[in-house]
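No value in this document is a laboratory result; all are computed from the given coordinates. Computed from a predicted structure; not experimentally measured. Note: ideal-geometry Cβ built from the backbone for every residue, glycine included; neighbour counts use all protein chains shown.
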Amino acid sequence: MSQYPRAAFLLSVAAPVQFPADLGAEVALAGRSNAGKSSAINAISGRKALARISKTPGQTRLLNYFELKPNHRIVDLPGYGYAAVDPEERRKWVPLIDALHSRTSFRGVMLVVDIRRGLRDEDLALIDWAEPTHRGVHVLLAKADKLNQAKRAKVLREATATLGEIATVQLFSAHSGLGVEPARERLAALWATALKD
Ligand SMILES: Nc1nc2c(ncn2[C@@H]2O[C@H](COP(=O)(O)OP(=O)(O)OP(=O)(O)O)[C@@H](O)[C@H]2O)c(=O)[nH]1
Ligand SMILES: [Mg+2]
C-alpha cells in the first residue's frame, strides 16, 4: 500500500526565486550521481513513477520538489561527482544549493550512498554542508540487494563507525524493499526535527 497516497510532484527549481514557500518541513535527498536517489524517493513515497529514474548518471539537473503530504516535502538534489556535467551547469547549482541551505523549512538530509562504493570523502563533505549538529542526517546504504548478507553487514559496520554521532545509517534497497519502512520512519523524524540553533 502506498504510504503517501497524495504524494505529487510539486515543482522544479532552476533559480533561487522559484523555491516553494518556506513553510512546513522539507528533507533533501542527496548523493552521488546514480546512487539511487530518485529510486529511493519512489520507494519511500510508495509511488513507482514519482521521481524519474535514469540509467544515465547525472540526469536530475534541477532541484525537484515532491510533496508527500501537506507541508511535508522532499527535494531531489542533483547528484554530485559526475565529471561529464558541464561546468556552466555546475555554476548554476551553487546559488540553488545556498538558497536551500538558508530555508527554515529545510530540516534534514537523507544521503543516498551506493553500498558497493561505501562512504567517500565527497559524502562526508555533503554531511558537513548539511550541518549535522543543526539538522538531522540519515544515510541510506542503497542498492543493498547487490551485495550478500556478509558484505552488507560489513559496509554497515564500517559506515556506522565512520559516522559516529553525526548521522544515522541503514541498509536500503528500492528494488527489494529492504529498509523502506525504517527509512519512512527516519524521514518522518527528520521532518519533525526542530531547527536547533
Ligand atoms: N539493484 C538495484 N539497482 C538500483 C536500486 N536503486 C536504483 N537502482 C538503479 O540505479 C540506477 C540509478 O538510479 P536512480 O534512482 O536514477 O539514481 P539517482 O541517484 O537518482 O541518479 P541521478 O539522478 O542521475 O543522480 C538505475 O539504473 C536504477 O534502476 C536498488 O535498490 N537496487
Ligand atoms: Mg535522480
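Pick out, from Tyr65, Val94, His134, the residue whose Cα sits farthest towards the positive end of the charge dipole of the chain, with +1 on the Cβ of Lys and Arg and -1 on the Cβ of Asp and Glu.
Tyr65
Checking the table Lys48/Lys92; Lys48/Lys146; Lys37/Lys92; Lys48/Lys143 against a 27 Å threshold on Cα-Cα, which pairs fail?
Lys48/Lys92
Which of the helices in the chain meet the span-like rule: DSSP H, Cα axial reach of 27 Å or more, Kyte-Doolittle mean at least -0.5?
Helices passing the filter in the chain: none found.
Express in nm, to one decimal, how much length is gained between Glu122 and Ile166 on full extension, taking 0.36 nm for each residue of separation and deducting their alpha carbon distance.
So the extension gain works out to 14.3 nm.
Can you give the FRET efficiency to the nearest 0.05 for Thr104 and Ala49, using r as the Cβ-Cβ distance and R₀ = 35 Å?
0.70
Let me make sure I get this right: for the chain, a, b and c are the square roots of the gyration tensor eigenvalues over alpha carbons, sorted descending. Under 1.5 in a/c it's rounded, otherwise prolate if a/b > b/c, else oblate. Which is it?
It is rounded, given that a/c, with a ≥ b ≥ c, falls under 1.5.
Using a Gaussian network model on the chain with a 10 Å cutoff between Cα atoms, which of Phe66, Phe19, Phe172 fluctuates the most?
Result: Phe19 has the largest fluctuation of those listed.
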